[in-house]
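Below: the structure, in structure tokens.
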Amino acid sequence: MQIRNPIIPGFNPDPSAIRVGEDFYLATSSFSYFPGIPIYHSRDLAHWEPIGYAFSDPAELEVEPTGISLGLFAPTLRYHEGVYWVIVTNMSAGMTYVVTATDPRGPWSAPHKLPMTFDPDLFWDDDGRCYVAGSMLLGFPQPKPYFGPRIGVYELDTEKWEYTGEMTGLWTGALFDSISPEAPHIYKKDGWYYLLISEGGTEHFHAVTIARSRSLLGPYEGYDGNPILTHRHLPQGYPICATGHADRIDTPSGEWYMVFLASRTYGGYHKNMGRETFIAPVIWENGWPVVSPETGRCENTYPMPKGLAPCPFMPPLKRDDFTGDALALQWNTLGSPTNGVFRLADSRLYLRAAAEPIRPEKPAQARFRPGQHEPVEPRAMAFVGRRQQHMDFSAAVRMTFSPRDGETAGLAILQNNNANLRIEMALEGGRRVLRVMRYMVDTHAELGHHGATITAEETCLASLPWDADSAVLRIWTNGQEHHFCAGADENSLRPLCESVHGGFLGSETCGGFVGAFIGMFCSGNGRESENEAAFDWFEYSGE
Ligand code: 6LW
């Protein structure tokens, strides 16, 4: 058996990991999906089982569906004196949240709220004092051009939940005029404070760099061998790209590993699954880490760590019959569901035709709220989905729905607010139809490229009269070719149209920080409605 990359496939960026005894835990970013901040557990570094979420009270998580790439950015997961800690920025609300738990499966505390730092880290020094390092990239006024330290640190008073004093600048990054120095983590080893960061931006030029100091507050000296991990020098055709945003982990026998984000491209330079979690071994040479020492690149596989027996976990069944009284861990809503968008009853999942549209009237443009708190009303879109984890996958549902004017329900692959592919039931001229829709934006919609005008286009690729109120809907892919089928039951599925190239769903094309979800939706498309779509089952399989 080997460790296979990505260790956590599908949208799982900004990994942060710890070891507690023989158990490894890892947290990733969730942006505006709910529950927030998935937590994974492993005993062997190869198999990572989802065990819960750090934010699972909708009222406590201020995220909403239209700013999909806002919400919870870049957690740091730590263990200190019997307590698990997660610190994370909520970009929707312009605040930093800290939650704690004595069991990483939960329950987690309500968030303690701090002024916003970006990509916050938690570090306890030997004297027990707690420090939050962060990036000053967003939320802090800075002159331009600016070559001062852009990674800084505050001391945190964990009784009063406030920063003590001013932020101390630590490092600018390895490159002169480095782009987006971010994702700091501080570690202490052999009398040195190591400051691990990322720079180059989270796209193709992402890189992991490191500096060290004899004192926590600096001065920090960058490593001459930086970057310690990057694929920025490799061509776009290389199958793993954008390696960065890293954290370290060690095994009980003292071997080091780095977990980091990267993307798999397929069918062209397309990253439909967004940024996923990868791992590579680390050795130390002359006081500095060497990542993936055999080749200097992130490989598809690595040998199992010494002394760790393979420890697979039971994967979820392919089909979810919705027989439980709560949604299984794989499911997320887009936004915090305080507005009653779903319920489970009679072994079915019901989604209500809430006003939030599956595609906005005008393309959505996310607003960053640097630095100041702006309360956000938690609410969700009636979308219950799971991560796309495979290039070749199949997803199917059985749905019953009686649409009223303007209402739609069906099966969608959602990349962000401005890019989706879907099969939906709707009324056209008073007649029920099943249709295939493509909603795509020109470019970089999510971040808006400062004032750029965004245009988006919705195309109906097929529309078929459908007299029955129920249907089995299926989307399957071979690479970027997306196929759409429907039928009265599983044995009578027929293609609805030609296959569609899904490369436009890649995050490098349509912008944003998330990755594709596939799931069930129901929408009043601007009008609140109590009408519901019922889903008997959902099935996903992939290679
Ligand atoms: C995150 C930053 C980054 O805050 O992307 O890749 C941002 N790194 O560190 C969103 O995940």
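The values are calculated or read from the model by the stated rules, or taken from the named source; none is laboratory data. In this text the structure is predicted, and so the values were computed from the model without any measurement. All Cβ positions, even for glycine, are placed from backbone atoms using ideal geometry, and neighbour counts span all protein chains on display. SASA here: full protein model, heavy atoms, side chains in, ligands and nucleic acids out. Shrake-Rupley method; radii C 1.70, N 1.55, O 1.52, S 1.80 Å.
Before moving on, here are some points about what is shown:
- With 5 Å bins from 0: P(r) over the stretch 319-542, alpha-carbon pairs, percent: 1, 7, 15, 20, 21, 18, 11, 5, 2, 1, 0
- Accessible surface ranking that places the most exposed of K362, K271, K160 first, with a 1.4 angstrom probe: K362, K160, K271
- Relative contact order of the chain, defined on C-alpha pairs under 8 angstrom at six or more residues apart (%): 16
- Based on Cα atoms of the chain, Rg over Rh with Rh as the Kirkwood radius reads 0.97.
- FRET efficiency, A59 to D126 (Cβ-Cβ, R0 45 Å, nearest 0.05): 0.70
- Taken along its three principal axes, the alpha carbon spread of the stretch 224-338 comes to 56, 39, 28 Å, from the longest extent down to the shortest.
- H204 accessible area, assembled protein chains, probe 1.4 Å, Å²: 20
- Over the stretch 27-125 - Rg/Rh using Cα atoms and the Kirkwood inverse-distance radius: 0.95
- Distance between the stretch 195-223 and the stretch 323-338 - C-alpha centres, whole angstrom: 38
- Share of carbon and sulfur in the accessible heavy-atom surface of the stretch 205-287 [1.4 Å probe, %]: 54
- Solvent-accessible surface ranking, highest first, for R474, R214, R435 at 1.4 angstrom: R214, R474, R435
- For the stretch 29-120, applying the loop criterion from DSSP together with a ceiling of 14 other beta carbons within 10 Å to the GluC sites (Glu not before Pro) yields E81.
- Centre separation in Å (Cα based) which lies between the stretch 69-115 and the stretch 467-543: 33
- A 1.4 Å probe run over the protein chains yields, for the stretch 319-542, 39 Å² of accessible area per residue, whole-number rounding.
- Relative to the 2.2 N^0.38 Å rule of thumb, the stretch 158-220 has a C-alpha radius of gyration ratio of 1.26.
- Expressed as a whole percent, the accessible area of the stretch 319-542 that falls on carbon and sulfur atoms is 47 (1.4 Å probe).
- Measuring with a 1.4 angstrom probe and ignoring ligands and nucleic acids, D346 comes out at about 120 Å² accessible.
- With all protein chains in place and a 1.4 Å probe, the accessible surface of the stretch 1-93 carries 44 percent carbon and sulfur.
- Surface per residue (accessible, 1.4 Å probe) for the stretch 1-103, Å²: 23
- Ligands, DNA and RNA excluded, the heavy atoms of T202 present near 20 Å² of accessible surface to a 1.4 Å solvent probe.
- Förster-model FRET efficiency, 30 Å R0, E457 and S402, C-beta, rounded to 0.05: 0.55
- Simple spin-label estimate for L175 and E294 gives 3.0 nm between the two label positions (7 Å along the Cα-to-Cβ direction from each Cα).
- Rg and Dmax of the stretch 2-303, both derived from C-alpha coordinates alone, stand at 17.8, 52 Å.
- Across the protein chains, with a 1.4 Å probe defining accessible surface, the residues I283, I186 rank I283, I186 from largest area downward.
- Modelled label positions at K160 and L234, each set 7 Å beyond Cα in the direction of Cβ, lie 4.9 nm from each other.
- Largest to smallest principal axis extent of the C-alpha atoms in the stretch 111-264, angstrom: 51, 46, 33
- Averaging the sequence gap over all C-alpha pairs within less than 8 Å and six or more residues apart, then dividing by the number of residues, gives the stretch 319-542 a relative contact order of 32 percent.
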